[in-house]
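Read the structure below first, then the notes.
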Amino acid sequence: QVQLVESGGGSVQAGGSLRLSCSASLRTFSYLPMGWFRQAPKNEREIVAAIDWISTYYAESVKGRFTISRDNGKNTVYLEMNSLKPEDTAVYYCAARRSGGISTTREGYNYWGQGTQVTVSS
């Protein structure tokens with residue numbers, strides 16, 4: 001059974017930091033492109049960051065503040081979030097892409113975690 005499980009969400013004040021983790025149940029995920037998405041209430045799910053073997057992608061709204069990384073030995077992808085803002089408040093989802101290369105769209109991903117809530121207060 002394939003599983004992607006997010007953790008590390010919580011409530012912080014503006015300017016604070018959180019580190020999200022996404023653990024995969026299978027070693028196969030260590031060589032798949034991975035992404036982080038978020039969805040705020042009444043908003044569409046949007047790309048936050050993505051990573052494959054040779055490159056990374058960041059949404060303009062998080063550039064310079066968030067960092068995506070992966071530890072293939074642990075089948076885990078991370079999202080370091082710094083200088084958090086209230087507008088970062090959302091449910092954050094981890095996703096894996098079956099095909100090669102980075103995708104920035106929801107439709108480009110095939111496997112999803114359950115989401116973890118991030119709340120940033122002013």
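The GluC sites (Glu not before Pro) found in the stretch 6-56 that occupy coil by DSSP, while having at most 12 further C-beta atoms within 10 Å, are Glu44.
Counting other Cβ atoms within 10 Å of each Cβ, which trypsin sites (Lys or Arg not before Pro) in the stretch 1-48 have at most 15 and sit in a DSSP loop?
Lys42
Here the stretch 37-79 and the stretch 107-122 have alpha carbon centers that stand 10 Å from each other.
Taking every DSSP bridge with both residues inside the chain, close to 90 percent are antiparallel. Taking the inverse of the mean reciprocal distance over all distinct Cα pairs, the Kirkwood hydrodynamic radius of the chain comes to 14.1 Å. Please work out how much accessible surface Ser121 shows to a 1.4 Å probe, ignoring ligands, DNA and RNA, in Å² rounded to 10. The value for Ser121 is about 50 Å².
Heavy atoms only, probe 1.4 Å: what % of the accessible area of the chain goes to carbon and sulfur, would you let me know? Before the final figure, lay out the partial values.
Working: 2890 of 6260 Å².
Its accessible area is 46 percent carbon and sulfur atoms.
Averaged per residue, what accessible surface does the chain expose to a 1.4 Å probe, in Å²? Kindly include the intermediate steps, with their values, before the conclusion.
Working: 6260 Å² over 122 residues.
That works out to 51 Å² per residue.
Here is the list for the stretch 47-122: trypsin sites (Lys or Arg not before Pro) lying in DSSP coil, each with at most 14 other C-beta atoms within 10 angstrom of its C-beta, are Lys63, Arg98. For Lys63, the lysines whose Cα falls under 24 Å of its own Cα, not counting residues fewer than eight places away in the same chain, are Lys42, Lys85.
The values are calculated or read from the model by the stated rules, or taken from the named source; none is laboratory data. In this text, all values refer to a predicted model and were calculated from it rather than measured experimentally. Heads up, the Cβs are rebuilt from the backbone with ideal geometry, glycines too, and the neighbour counts pull from every protein chain shown. Note: accessible area is taken over every heavy atom of the protein model, side chains too, but ligands, DNA and RNA are not part of it. Shrake-Rupley method; radii C 1.70, N 1.55, O 1.52, S 1.80 Å.
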